[in-house]
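S.K.: Before I ask anything, let me first share the structure, which is written out below as C-alpha cells.
The values are calculated or read from the model by the stated rules, or taken from the named source; none is laboratory data. Since we're looking at a predicted model, the values are computed, not measured. Note that we place each Cβ from the backbone using ideal geometry, even for glycine, and neighbour counts take in every protein chain shown.
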C-alpha cells in the first residue's frame, strides 16, 4: 500500500472515530433493514443484525480464532469473540482505533481473548494458516490492490476455514447491467473516493473472479444493497443533532467534509451505482 494513502486513511480514522463512537456507537459499518430495506429498527440493532445475518448467510456456526480485517474500534471483533467464545485479532491502519479497541476489550473483560494491531492488510504480520474465520467487513474498498488483499486473506486462512468479505462496490459493467460506467457515474465515484480516502472500487463479479483464481471453494456472492441502503438516511438524520454538530466542529475540517458528503453515498445507492457486495468461500 502506498505510504501516502496508508497515512491518509489512518489519519482520517484517527480524527473521526471518536465522534463516530460518541454519536453512532462501536459498530463502524452499515445496518440491516430486511431484504426489502423496509424494516424500521434502532440503528445499533440494525448493525448487530447485519453481523448476525452475515453469519447466517455464510453458514458460520462456530469459530476459534477470528481475524477482523479493518476492525475499527473493535465492534465486530469483540462481538464475535463474545458470541463464539473465540480468540479475535483485529487490524487497522489507525493507531487511535487500535488503542480504543484495546480499551473496549478490557472494559468488556475480553482482553485475554482479543488483540488489536496497527497493520497493513496487504502485508499481514501473521503466519500462513493462522485463522479459521477471516472477517473483512467494509474494508476492501480501502485496498489499492484488491488482488493482493484477497491473496493475504486467503494466505492466513486455515484449510477448511471461511472467508467472509463484505465491501462497497460499484454496479456491474456488463451489458445487461448498463455497460461501462458513464462519465457522470465515474465523477460521482471519484467524489466518494476523495472524501473517504478510497483508491477505487470494483464490481462484485470482479471480486468473485479473484476468489476463483485463489481456488476458494464453495464461493457464494450476494448483493444486499437494498437491505442496507436505509442506513445512510439514519446516519444523515442523526448527524443533525447538537451533539453530532459540536463533535464535528471539534473533529476538524476533514471529518466535517465527510459528514457533509454523506449524501453522496445516499444518492449512490438511490441511483444503483453503489452496491453492497458479499462474498464467502472456504479454503
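S.K.: Does residue 36 meet the test of being modelled with pLDDT of 95 or more, surrounded by fewer than 17 Cβ atoms within 10 Å (Cβ to Cβ) and not in a helix (DSSP H, G or I)?
M.R.: Numbers: modelled with pLDDT of 95 or more: yes; surrounded by fewer than 17 Cβ atoms within 10 Å (Cβ to Cβ): yes; not in a helix (DSSP H, G or I): yes.
Judged against the criteria, residue 36 is a match.
S.K.: Looking at (1) without any contact (Cβ under 8 Å) to a residue 60 or more places away in the chain; (2) under 29 Å from residue 227 (Cβ atoms); (3) buried (at least 20 other Cβ atoms within 10 Å of the Cβ), which is the one condition that is false for residue 133?
M.R.: (1)
S.K.: Right, residue 44: without any contact (Cβ under 8 Å) to a residue 24 or more places away in the chain and either within 15 Å of the chain's Cα centre (by Cα) or outside any loop (DSSP other than H, G, I, E, B) (or both) or not?
M.R.: Values: without any contact (Cβ under 8 Å) to a residue 24 or more places away in the chain: yes; either within 15 Å of the chain's Cα centre (by Cα) or outside any loop (DSSP other than H, G, I, E, B) (or both): yes.
Spelling it out, residue 44 is indeed without any contact (Cβ under 8 Å) to a residue 24 or more places away in the chain and either within 15 Å of the chain's Cα centre (by Cα) or outside any loop (DSSP other than H, G, I, E, B) (or both).
S.K.: What number goes with the only condition from (1) more than 21 Å from residue 139 (Cβ to Cβ); (2) in contact with a strand residue (DSSP E or B) (Cβ under 7 Å, 6 or more places away or on another chain) that residue 30 does not pass?
M.R.: With (1) more than 21 Å from residue 139 (Cβ to Cβ); (2) in contact with a strand residue (DSSP E or B) (Cβ under 7 Å, 6 or more places away or on another chain) applied to residue 30, the lone miss is (1).
S.K.: Let me ask another. On the basis of being touching a helix residue (DSSP H, G or I) at 6+ places or on another chain (Cβ under 9 Å) and closer than 27 Å to residue 32 by Cβ, does residue 161 make the cut?
M.R.: Details: touching a helix residue (DSSP H, G or I) at 6+ places or on another chain (Cβ under 9 Å): no; closer than 27 Å to residue 32 by Cβ: yes.
Spelling it out, it is not the case that residue 161 is touching a helix residue (DSSP H, G or I) at 6+ places or on another chain (Cβ under 9 Å) and closer than 27 Å to residue 32 by Cβ.
S.K.: For region 53-74, which residues satisfy the criterion of being in contact with a helix residue (DSSP H, G or I) (Cβ under 9 Å, 6 or more places away or on another chain) and either part of a loop (DSSP other than H, G, I, E, B) or under 20 Å from residue 229 (Cα atoms) (or both)?
M.R.: Step one: filter region 53-74 for residues in contact with a helix residue (DSSP H, G or I) (Cβ under 9 Å, 6 or more places away or on another chain), giving 53, 55, 60-64, 66-74.
Of everything in region 53-74, those that are in contact with a helix residue (DSSP H, G or I) (Cβ under 9 Å, 6 or more places away or on another chain) and either part of a loop (DSSP other than H, G, I, E, B) or under 20 Å from residue 229 (Cα atoms) (or both) turn out to be 53, 55, 60, 61, 62, 63, 64, 70, 71, 72, 73, 74.
S.K.: Of everything in region 150-180, what is farther than 12 Å from residue 201 by Cα and either out of contact with any strand residue (DSSP E or B) (no Cβ under 8 Å at 6 or more places or on another chain) or part of a loop (DSSP other than H, G, I, E, B) (or both)? Give them in sequence order.
M.R.: Initial filter on region 150-180 (farther than 12 Å from residue 201 by Cα): 150-166, 173-180.
Passing the criteria: 151, 152, 155, 159, 173, 174, 175, 176, 177, 178, 179, 180.
S.K.: If you don't mind, another one. Tell me, which residue of region 1-28 that is assigned to a loop (DSSP other than H, G, I, E, B) and farther than 21 Å from residue 147 by Cα is modelled with the lowest pLDDT? Let's see the steps before the verdict.
M.R.: Let us first name the residues in region 1-28 that are assigned to a loop (DSSP other than H, G, I, E, B), namely 1-2, 25-28.
Those still in the list that are farther than 21 Å from residue 147 by Cα too: 25-28.
Details: 25: 83, 26: 92, 27: 93, 28: 89.
The qualifying residue modelled with the lowest pLDDT is 25.
S.K.: Select from region 203-232 the residues that are out of contact with any helix residue (DSSP H, G or I) (no Cβ under 6 Å at 6 or more places or on another chain) and part of a loop (DSSP other than H, G, I, E, B) and write down the one among them that is nearest to residue 166 (Cα to Cα).
M.R.: Only one residue tops the list, namely 224.
S.K.: I'm told residue 145 meets every condition in (1) surrounded by fewer than 17 Cβ atoms within 10 Å (Cβ to Cβ); (2) in contact with a strand residue (DSSP E or B) (Cβ under 6 Å, 6 or more places away or on another chain) except one. Can you identify the failing condition by its number?
M.R.: With respect to (1) surrounded by fewer than 17 Cβ atoms within 10 Å (Cβ to Cβ); (2) in contact with a strand residue (DSSP E or B) (Cβ under 6 Å, 6 or more places away or on another chain), residue 145 is out only on (2).
S.K.: In region 193-205, which residues are surrounded by fewer than 17 Cβ atoms within 10 Å (Cβ to Cβ) and within 11 Å of residue 277 (Cβ to Cβ)?
M.R.: 205
S.K.: Let me ask you something else. Residue 235 - would you say it is at pLDDT below 85, crowded, with 19+ Cβ neighbours inside 10 Å and either out of contact with any helix residue (DSSP H, G or I) (no Cβ under 8 Å at 6 or more places or on another chain) or within 19 Å of residue 167 (Cα to Cα) (or both)? Walk me through how you get there before you give the answer.
M.R.: Working: at pLDDT below 85: yes; crowded, with 19+ Cβ neighbours inside 10 Å: yes; either out of contact with any helix residue (DSSP H, G or I) (no Cβ under 8 Å at 6 or more places or on another chain) or within 19 Å of residue 167 (Cα to Cα) (or both): yes.
So residue 235 fits the description; yes.
Here is a yes/no grid of residues against (1) in contact (Cβ under 8 Å) with a residue 12 or more places away in the chain; (2) surrounded by 17 or more Cβ atoms within 10 Å (Cβ to Cβ); (3) closer than 20 Å to residue 152 by Cα; (4) within 17 Å of the chain's Cα centre (by Cα):
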{"site": "48", "(1), (2), (3), (4)": "yes, yes, no, yes"}
{"site": "62", "(1), (2), (3), (4)": "yes, no, no, no"}
{"site": "73", "(1), (2), (3), (4)": "yes, yes, no, yes"}
{"site": "81", "(1), (2), (3), (4)": "yes, yes, no, no"}
{"site": "86", "(1), (2), (3), (4)": "yes, yes, no, no"}
{"site": "89", "(1), (2), (3), (4)": "yes, yes, yes, yes"}
{"site": "95", "(1), (2), (3), (4)": "yes, no, no, no"}
{"site": "102", "(1), (2), (3), (4)": "yes, yes, no, no"}
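S.K.: Looking at 7, 42, 26, 52, which is the one that is under 30 Å from residue 161 (Cα atoms) and surrounded by fewer than 18 Cβ atoms within 10 Å (Cβ to Cβ)? Walk me through how you get there before you give the answer.
M.R.: On the way: 7 fails: under 30 Å from residue 161 (Cα atoms); 42 fails: under 30 Å from residue 161 (Cα atoms); 26 fails: surrounded by fewer than 18 Cβ atoms within 10 Å (Cβ to Cβ).
Going through 7, 42, 26, 52 in turn, just one is under 30 Å from residue 161 (Cα atoms) and surrounded by fewer than 18 Cβ atoms within 10 Å (Cβ to Cβ): 52.
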